[in-house]
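Reviewing the structure listed below.
The values are calculated or read from the model by the stated rules, or taken from the named source; none is laboratory data. Computed from a predicted model, the values in this text were never measured in an experiment. For neighbour counting, all protein chains shown are included, and Cβ atoms are generated from backbone atoms with ideal geometry for every residue, glycine included. These area figures cover heavy atoms from the full protein model, side chains too; ligands, DNA and RNA do not enter into them. Shrake-Rupley method; radii C 1.70, N 1.55, O 1.52, S 1.80 Å.
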Amino acid sequence: MGKKNQFFTTILPVMLGFFVMGFVDLVGISTNYVKADLGMSDSVSSLISVSCFVWFFLLSIPTGFLMNKYGRKNVVLVSFILSMVALVIPIVLKDSFAGYLVAFALLGIGNTLLQVAMNPLVSEVVSGDRLTGTITLGQFVKAVCSFLAPIIAAACVGTAFGWRLLFPIYAAVTLLATLWLWLSPVKNTPIEGAEKVSFARTFSLLKDNTILLFFIAILVLVGVDVGMGVSFPKLIMERFDLPVEKASLGNSIYFFARTVSAFCGGIILMKMNEKNFYLVSIIAAAAGLVGMLCAHVQWLMVASVILFGLGYANLFSIIFSLAIKHVPARANEVSSLLVTGIAGGAIVTPLLGIVTDATGTQTAAFVAMLVIWVYMCLIFGKVSKTANESA
């Protein structure tokens, strides 16, 4: 009975935090709807992604300081509050592009705090040997949020608020998450010696070749993921002449594949060494990208994005957990540094928009993503070595 109570009072509120973390994937679907509603180009509408993801670069390390001083749980609670405010703005200022930029800026700030604090918070409720699997299950919960968003948005078309009804629905979920975690007995222990932490000390982690390579991997992973969320519906519209509400459901297929893979991966990684899982994942994702480039029939496009989603789903948690286990004594700093890499979403998406506007085809964006993905293959040796050391 004690274990059941612990699961309800500690594990579940933390897992719901991963669901809130998934709100960052609203960027992809929102960008396409806003572009259609306001008649914008790819390069201009991509500013929504920039307004959201630039904060991961600016605030991740300061968030590590806050986490050391005030505790991981308190930082997560503040992130929930910022997310709720952000999700209200698109309803109030529904026809304002500036309003969307402000909303996603606040969402980015809240998500920065959340992503920095959430993975170390998991270590407060599970033992170290189950950390990778638990973080992967958290990514499964995050993927559920991302999977549901396009479906809910499409279902809301025709209502008074239209697709924007998605925002108050998710705001209500965030309120539940806030109250549940606040009332939970999850520890909130500040770290002794927090005053010794600094930007220089945190960035000094990059002198470690393993941390440097994993940091770049996070840049690549998030950049390609956000690029997929924005570009995949556009590729469907271009290839098969579908309206935005139907094409956006393609993201649900992608996120569904990620959801299934993250759930299975979370279970498998409880017992399996990360290196073998990593190798299968990067090959599957690369094959999926090639398939999307070549697909001119809908079934092949669907199969390819499913393959990419299955391969992609567990890579973030593998890289993140290996980095934390590589330098466990500085887990907070490692987390804040790696979350800085989520700014890859602000780097890759505008690049894809520029490439698309210059060439006039979404195919160019997928060629660029495939080239970027090569990096994930090149670091397999480092992943393998680190996984063996931490086994």
Inset, instruction - Round to a whole angstrom and tell me the spacing of the C-alpha centers of the stretch 241-296 and the stretch 304-329. - result: 12
Legend entry - Kirkwood Rh, Cα atoms: Rg over Rh of the stretch 74-175: 1.04
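Using only the Cα atoms of the stretch 285-327, what semi-axes does the equivalent ellipsoid have when each is the square root of 5 times a gyration tensor eigenvalue? Give whole Å, largest first.
On the way: eigenvalues 183, 12, 3 Å².
In descending order the semi-axes read 30, 8, 4 Å.
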Legend entry - Förster radius 30 Å - calculated FRET efficiency between Leu179 and Val327, Cβ distance, rounded to 0.05: 0.30
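Over the chain, give the accessible area per residue in Å² for a 1.4 Å probe, as an integer.
On the way: 14800 Å² over 391 residues.
Heavy-atom accessible area per residue stands at 38 Å².
Checking understanding here: applying a Kyte-Doolittle mean of at least -0.5 and a length along the axis of at least 18 Å (C-alpha), which whole DSSP H helices in the chain pass?
Those that clear 18 Å and a mean of -0.5 are 47-70, 72-92, 97-122, 131-156, 166-183, 209-240, 249-268, 274-294, 298-312, 344-359, 363-378.
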Legend entry - Fluctuation leader among Tyr33, Tyr312, Tyr254 - the chain, Gaussian network, Cα springs under 10 angstrom: Tyr33
Inset, instruction - For the stretch 1-126, compute Rh as the Kirkwood radius over C-alpha pairs and then the Stokes-Einstein diffusion coefficient at 37 °C and 0.692 mPa s; write the answer in µm²/s, rounded to an integer. - result: 212
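Please give the charge dipole size of the chain, origin at the Cα centre, charges +1 on K and R Cβ atoms and -1 on D and E Cβ atoms. Round to the nearest 20 debye. Don't jump to the answer; show the numbers that get you there.
Values: 24 positive and 17 negative charges, 184 e Å.
Here the size comes out at about 880 debye.
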Legend entry - Extension gain from Lys385 to Ile268, taking 0.36 nm per residue of separation minus the Cα-Cα distance: 40.2 nm
Inset, instruction - Report the residue, chosen from Ala295, Ala262, Ala171, that carries the largest GNM mean-square fluctuation when the chain is represented by alpha-carbon nodes joined by springs under 10 Å. - result: Ala295
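Show Cys145, Cys377, Cys294 ordered by accessible area, largest first, where the area counts protein heavy atoms only and the probe is 1.4 Å.
Values: Cys145 0, Cys377 60, Cys294 85 Å².
Descending accessible area places them as Cys294, Cys377, Cys145.
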Inset, instruction - Between beta-carbons, use under 15 Å as the cut-off and find the net charge around Asp208, counting Lys and Arg +1, Asp and Glu -1. - result: +4
Inset, instruction - State the Cα centre-to-centre distance between the stretch 339-391 and the stretch 87-127 in whole Å. - result: 23
Legend entry - FRET efficiency, Leu279 to Ala358 (Cβ-Cβ, R0 45 Å, nearest 0.05): 0.85
Inset, instruction - Please give the direction-averaged projected area of the C-alpha convex hull for the stretch 47-107, in square nanometres with one decimal. - result: 4.1
Inset, instruction - Compute the label zone of Thr159 within the stretch 90-108: residues whose backbone N is under 15 Å from the point 7 Å along Cα-to-Cβ. - result: 90-92
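With every protein chain kept in the model, how would you rank Thr9, Thr63, Thr359 by accessible area, 1.4 Å probe, largest at the top?
Values: Thr9 50, Thr63 5, Thr359 80 Å².
Of Thr9, Thr63, Thr359, the descending order of accessible area is Thr359, Thr9, Thr63.
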Legend entry - Eligible lysines near Lys246 by straight Cα distance, threshold 29 Å, same-chain separation 8 or greater: Lys35, Lys94, Lys142, Lys234
Legend entry - Set of the stretch 146-185 residues, backbone N closer than 15 Å to the point 7 Å along the Cα-Cβ line of Asp95: 161-162
Inset, instruction - Please give every one of the aspartates and glutamates within straight-line cross-link reach of Lys382, meaning a C-alpha to C-alpha distance under 18 Å, and leave out same-chain neighbours fewer than 8 residues apart. - result: Asp208, Glu274
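Using the C-alpha atoms of the stretch 150-269, what convex hull volume per residue, in cubic angstrom, is computed?
Numbers: hull volume 24.8 nm³, N = 120.
Once divided by residue count, the hull of the stretch 150-269 is 207 Å³.
Of all the Cα-Cα pairs you can form in the stretch 249-308, what percent are over 18 Å apart? Write down the numbers at each step before the final one.
On the way: 689 of 1770 pairs.
So the portion of pairs separated by more than 18 Å is 39 percent.
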Legend entry - Solvent-accessible area of Trp180 with every protein chain in place, 1.4 Å probe, in Å² to the nearest 10: 70
Legend entry - Estimated distance in nm for a label pair at Leu38 and Leu206, the labels positioned 7 Å out from Cα along Cα-to-Cβ: 3.2
Inset, instruction - Mind telling me which of Ile169, Ile211, Ile347 comes out most flexible in a GNM of the chain, alpha-carbon contacts under 10 Å? - result: Ile169
Legend entry - Largest-first principal axis extents of the Cα set of the stretch 338-391 (Å): 48, 22, 10
Inset, instruction - Throw me the Rg/Rh for the stretch 243-391, computed over C-alpha atoms with Kirkwood Rh, two decimals. - result: 1.00
Inset, instruction - Ignoring everything but the protein chains, give the 1.4 Å probe accessible area of Thr134 in square angstrom, nearest 10. - result: 20
